[in-house]
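The values are calculated or read from the model by the stated rules, or taken from the named source; none is laboratory data. Since we're looking at a predicted model, the values are computed, not measured. Don't worry about glycine lacking a Cβ; one is built from the backbone with ideal geometry, like all the others, and counts go over all protein chains shown. Side chains are part of the model used for accessible areas, which takes the heavy atoms of the whole protein and leaves out ligands, DNA and RNA. Shrake-Rupley method; radii C 1.70, N 1.55, O 1.52, S 1.80 Å.
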Amino acid sequence: MKEIKKVTWRSPSNIALVKYWGKRSGVQIPANPSISFTLENCYSETSVALVEKERKSKEIELRFYFDGKANMAFQLKMLKFFESVKKDFPFLNQYGLLIHSTNSFPHSSGIASSASAMSALAIALCDLKQELGQKKWSPEKFLQKASHYARLGSGSASRSVYPLISEWGKTKTVKGSSDEYAVPFARNLHKTFHNYQNTILIASSAEKKVSSRVGHSLMKTNPYAKTRYAQAERNLKEIIEALKNGDLEKFGTIIEEEAMTLHALMMCSSPSFILMSPATLAMIEKIRHFREESQLPIYFTLDAGPNIHLMYPKNISKKAEAFIAEELKSHCEKGKMIQDHVGKGPKKVK
Ligand code: DP6
């Protein structure tokens, strides 16, 4: 198979501080603004190669390999995504597509891979468009476009394209914000957050009980939806202040409130879901107790699953690591943890 062009990108996952949970009508139009730290060690690496087509038809010809193995489930998802964006990327029909993807984190670790996977793919598509000479964007516009297409694949993926931190969703609080793409936010970030630590404590690596898509849709009938969207706006405004000033207590209080709210919303949805496990609750109790005793700024957040994201500044790493080893590790499935921190954003792999 003759290869015409190939690009490879590494793009990270992210952890939301103010959560996106609920969509308005349209393709991934968020019901409220969200903000997240970009991670470093949890990433997807995706190469997209344009090859000569096998058939002369106009149909998209795609072969997708995950960890070196053909993966039909992912291939179908990707095909659906490509169908939705092909008018902006004519080469998707013109050439055959050979895509290889891997994740730096284990598949069964309960880490959401859609943010890293869809952002890596979207950036690769935008890059190919430039490489083929079909477009020339400024570096800022390039990332904005990548964020836009990443969003069409998975909402939270829109936030993964920027270094350190990014905001997604139209709000008066952030100038230039949009529902269509995320915006960079690093210039407003106090330096204490530039290398903020995130230890992911794997409470369970079981498959998610409910997909994000279904979870978001349950907000349509959730009796607290309106109150929640107003709370998210308030929390965004407040956390932005804390992020600027380096106010760790305010920052921590808000991320824990957001985590607990996300799970409370799921518990009172119809049907209802409990996504925490007994180990999650045991760790939350211990974190809060340790914080009170030690007066150290160690807080947690959660995704739509049982794993704990423990967040703390770099300068207390030693004490945090000792606490994790003594008190939390035994609650993790087979002692599994992933050490991560706020990261630099996507990278092109040569
Ligand atoms: C709880 O981005 O996975 O992680 O847009 O349907 O793909 P889709 O959903 P997704 O939802 C993420 C939800 C969350 C919170 C967040 O990342 O903001």
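Taking every protein chain into account, the 1.4 Å probe leaves Ser104 with about 50 Å² of accessible area, to the nearest ten. Each of Ser47, Ser25 has its accessible area taken with a 1.4 Å probe; listed largest first, they run Ser25, Ser47. Measure out, as a whole number of angstrom, how far apart the alpha-carbon centroids of region 29-58 and region 277-350 sit. Region 29-58 and region 277-350 have Cα centres separated by 28 Å. Rounded to two decimals, the Cα-based Rg/Rh of the chain, with Kirkwood Rh, is 0.97. With a simple spin-label model that places each label point 7 Å from the Cα along the Cα-to-Cβ direction, the separation between Gln130 and Glu293 comes to 5.1 nm.
Ordering Phe193, Val48, Asn245 by Cα displacement along the dipole of the chain toward the positive end leaves Val48 in first place; charges were set at the Cβ atoms of Lys, Arg (+1) and Asp, Glu (-1). In loop segments of region 77-141 as defined by DSSP, the trypsin sites (Lys or Arg not before Pro) with at most 12 further C-beta atoms inside 10 Å of their C-beta are Lys87, Lys136. Classification of region 192-341 by its C-alpha gyration tensor yields an oblate form. The axis ratio a/c (a ≥ b ≥ c) is 1.5 or more, and b/c is at least a/b.
The stretch between Glu83 and Glu207 holds 41.9 nm of extra length on full extension. This uses 0.36 nm per residue minus the Cα-Cα distance.
Listed by chain and number, the lysines whose C-alpha is less than 19 Å from the C-alpha of Lys23, apart from same-chain residues fewer than 8 away, are Lys170, Lys172, Lys220, Lys226. Here the dipole of region 173-260 is about 220 debye; that uses its Cα centre as origin and unit charges on the Cβ of Lys and Arg (positive) and Asp and Glu (negative). Rounded to the nearest 20 debye, the dipole size of region 193-319 about its Cα centre is 260 debye, using +1 on the Cβ of Lys and Arg and -1 on the Cβ of Asp and Glu. When the Cα gyration tensor is reduced to axis lengths a ≥ b ≥ c, the ratio a/c is 1.5 or higher for region 106-199, and with a/b not above b/c it is classed as oblate.
The slack between Glu326 and Lys250, meaning 0.36 nm per residue of separation minus the straight C-alpha distance, is 24.7 nm. Using only side-chain charges placed at the Cβ, +1 for Lys and Arg and -1 for Asp and Glu, the dipole size of the chain relative to its Cα centre rounds to 1280 debye. Using DSSP, restrict attention to beta bridges with both residues in the chain and report what percent are antiparallel, rounded to the nearest 5. Antiparallel bridges: around 90 percent, rounded to the nearest 5.
Once the Cα-Cα distance is subtracted from the 0.36 nm per residue extended length, the Asp67 to Lys347 segment shows a gain of 98.9 nm.
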